[in-house]
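Single-structure report; data block below.
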Amino acid sequence: MPSPKNCRLLVPGVGNDGTLLDLHEFGYSNITAYDYSSSAIDRQSELLSYSSQASADITLLVRDARNLDEAWTGTYDVIFEKGALDAIYLSGEGYVDLAVKEMKRCLKVGGYVMSVSGVLPEDHRRNIFPVSDWEWVRDGTDDLKAGCFIIRRKR
């Protein structure tokens with residue numbers, strides 16, 4: 001996995017907690033974060049305002065996970081999602097499949113998806129991250145409440 005200084009990190013469904021500031025504090029400085037909710041982006045902007053460097057290093061956008069920017073194709077080294085796939089799964093049939101397809105398009109070959117998830121059923125997760133395209137580095141299926149999954153894009 002690339003070091004934080006050389007890593008382009010994408011955070012889908014950023015929500016309204018302080019994770020972006022934590023990631024920045026851990027050394028990640030090239031972060032793009034998005035949410036479908038402009039209120040969540042406004043909240044993140046407010047949180048980032050406490051650190052001028054974090055504000056400069058983190059790009060916040062309103063985006064639909066099912067239709068991301070074409071310019072992002074093959075751009076990101078790591079995608080870190082915490083519950084975004086769960087929320088998308090619950091929002092409508094087929095939506096999470098489209099979101100993962102977009103995540104794959106935006107991720108470099110050899111890049112990683114780090115997912116914290118407790119809702120997405122195991123069989124569905126296996127279908128949207130098939131072993132033909134993805135290497136399961138860590139399978140969090142048996143974790144308590146929410147699992148931590150690390151999946152590397154093979155092709």
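The values are calculated or read from the model by the stated rules, or taken from the named source; none is laboratory data. Just so it is clear, the structure is predicted and the values come from calculations on it, not from any experiment. FYI the Cβ positions are ideal-geometry reconstructions off the backbone, even for glycines, and counts take in every protein chain you see.
Assigned to a helix (DSSP H, G or I), at pLDDT 95 or above and more than 13 Å from the chain's Cα centre (by Cα) - does that describe any residue in the stretch 107-116?
The answer is no, given that none of the residues of the stretch 107-116 is assigned to a helix (DSSP H, G or I), at pLDDT 95 or above and more than 13 Å from the chain's Cα centre (by Cα).
For the stretch 29-49, name all the residues that are crowded, with 19+ Cβ neighbours inside 10 Å and not in a helix (DSSP H, G or I).
The answer is I31, T32, A33, Y34, D35.
For the stretch 15-51, enumerate the residues that are within 20 Å of D69 (Cα to Cα) and touching a residue at least 60 places away in the same chain (Cβ under 8 Å).
Within the stretch 15-51, G15 is the sole residue that qualifies.
Could you run through the stretch 40-96 and say how many residues are of a type outside the set (A, V, I, L, M) and closer than 20 Å to N6 by Cβ?
Quick first cut of the stretch 40-96, residues of a type outside the set (A, V, I, L, M) only: 42-46, 49-53, 55, 57, 59, 63-64, 66-67, 69-70, 72-77, 80-83, 86, 89, 91-95.
Subset that is closer than 20 Å to N6 by Cβ: 53, 57, 59, 72-77, 80.
Of the residues in that region, 10 qualify.
Looking at the stretch 12-28, can you tell me whether even one residue there is of a type in the set (S, T, Y), under 14 Å from the mean Cα position of the chain (by Cα) and in a strand (DSSP E or B)?
No, that holds for no residue.
Among all residue pairs at least 6 apart or on different chains, which show Cβ distances below 6 Å where the first residue, located in the stretch 144-155, is small (G, A, S) and the second is not in a strand (DSSP E or B)?
The qualifying pairs are A146/G118; G147/G140; G147/T141.
Kindly indicate the residue of the stretch 95-138 that is of a type in the set (G, A, S), touching a helix residue (DSSP H, G or I) at 6+ places or on another chain (Cβ under 7 Å) and surrounded by 19 or more Cβ atoms within 10 Å (Cβ to Cβ) and also farthest from T75 (Cα to Cα) among those meeting that condition.
Per the criteria, the residue is S117.
If only one of S52, S38, S45, S3 is more than 16 Å from the chain's Cα centre (by Cα) and within 17 Å of I88 (Cα to Cα), which one is it?
After ruling out the rest, the residue left standing is S38.
Just to verify a result, which residue in the stretch 78-97, among those that are under 12 Å from the mean Cα position of the chain (by Cα) and not in a helix (DSSP H, G or I), is farthest from R125 (Cα to Cα)?
V78
Tell me yes or no: at least one residue of the stretch 61-75 is aromatic (F, W, Y), in contact with a Cys (Cβ under 6 Å, 6 or more places away or on another chain) and modelled with pLDDT of 95 or more.
As a first pass, look at the stretch 61-75 and keep what is aromatic (F, W, Y): 72.
Still in the list and also in contact with a Cys (Cβ under 6 Å, 6 or more places away or on another chain): 72.
Those left that are additionally modelled with pLDDT of 95 or more: 72.
Yes: one or more hits.
Of all residues in the stretch 50-66 being part of a loop (DSSP other than H, G, I, E, B) and of a type in the set (S, T, Y), which is surrounded by the fewest Cβ atoms within 10 Å (Cβ to Cβ)?
Going through the qualifying residues, I end up with Y50.
Among the candidates L61, L68, which residue alone is at negative phi, touching a Ser or Thr at 6+ places or on another chain (Cβ under 9 Å) and not small (G, A, S)?
L61
Test S91 against the stated conditions and say whether it is out of contact with any strand residue (DSSP E or B) (no Cβ under 6 Å at 6 or more places or on another chain) and either modelled with pLDDT under 95 or not β-branched (V, I, T) (or both).
Working: out of contact with any strand residue (DSSP E or B) (no Cβ under 6 Å at 6 or more places or on another chain): yes; either modelled with pLDDT under 95 or not β-branched (V, I, T) (or both): yes.
Yes, satisfied.
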